[in-house]
1. Since residue 54 meets every condition but one in (1) over 13 Å from the mean Cα position of the chain (by Cα); (2) more than 25 Å from residue 180 (Cα to Cα), which condition does it not meet?
2. Which of (1) within 28 Å of residue 158 (Cα to Cα); (2) touching a helix residue (DSSP H, G or I) at 6+ places or on another chain (Cβ under 8 Å); (3) crowded, with 18+ Cβ neighbours inside 10 Å is the odd one out, the single condition residue 90 does not satisfy?
3. Within the range 92-172, which strands (runs of 3 or more DSSP E) (wholly inside it) include 3 or more residues that are under 15 Å from the mean Cα position of the chain (by Cα) and modelled with pLDDT of 80 or more?
């Protein structure tokens, strides 16, 4: 009987020390979690990379627009085409608005505004004096002008894992004309002067 118990203790001790198969079991438990972690990491990396790319494209378009001495509808279409070429293919829905805004008598005034958009992203409408986003514009002096470039693009996740939705990246950049005080638009407004409010007229 004592020999039986000694054998049982020996077998039990060997069983406790035996680690064969432990790595396989741990791998089976942690591998799905590891895959999920990698998938979420790739999704967030792709999202923030596309956000940065959208900003860089908006900056490039704004810089190009500021270097013109005059523009027309063809130039605006060219800038939109450049934007579409530079944006990643998966950002399939885009919207663009380029606006020349001047300042006079304590008011921001739209000289011209060109808008272009794909369906589904919430198309931009050309800005007017009443819809100028004054909260993002800098302090200016009379007869000074700026070019406001707005770019919106929709990012779609590679997979719907975790229910991550599509996101619209929005960028608005302000640039001063490089070579002229005001850049005229030959089709929308060829004037190179900011309109002056007649003396005695009400100001907002």
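1. (1)
2. So the condition that residue 90 fails would be (3).
3. Details: elements: 93-104, 107-117, 145-155.
Strands (runs of 3 or more DSSP E) meeting the threshold: 93-104, 145-155.
Results for (1) in a helix (DSSP H, G or I); (2) in contact with a strand residue (DSSP E or B) (Cβ under 6 Å, 6 or more places away or on another chain); (3) at pLDDT 90 or above, shown as yes or no for each residue.
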{"residue": "3", "(1), (2), (3)": "yes, no, no"}
{"residue": "37", "(1), (2), (3)": "yes, no, no"}
{"residue": "42", "(1), (2), (3)": "yes, no, no"}
{"residue": "54", "(1), (2), (3)": "yes, yes, no"}
{"residue": "78", "(1), (2), (3)": "yes, no, yes"}
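The values are calculated or read from the model by the stated rules, or taken from the named source; none is laboratory data. This one's a predicted model, so the numbers in the text were calculated from it and none came from an experiment. Cβ: placed from backbone, ideal geometry, glycine included. Neighbour counts: every protein chain shown.
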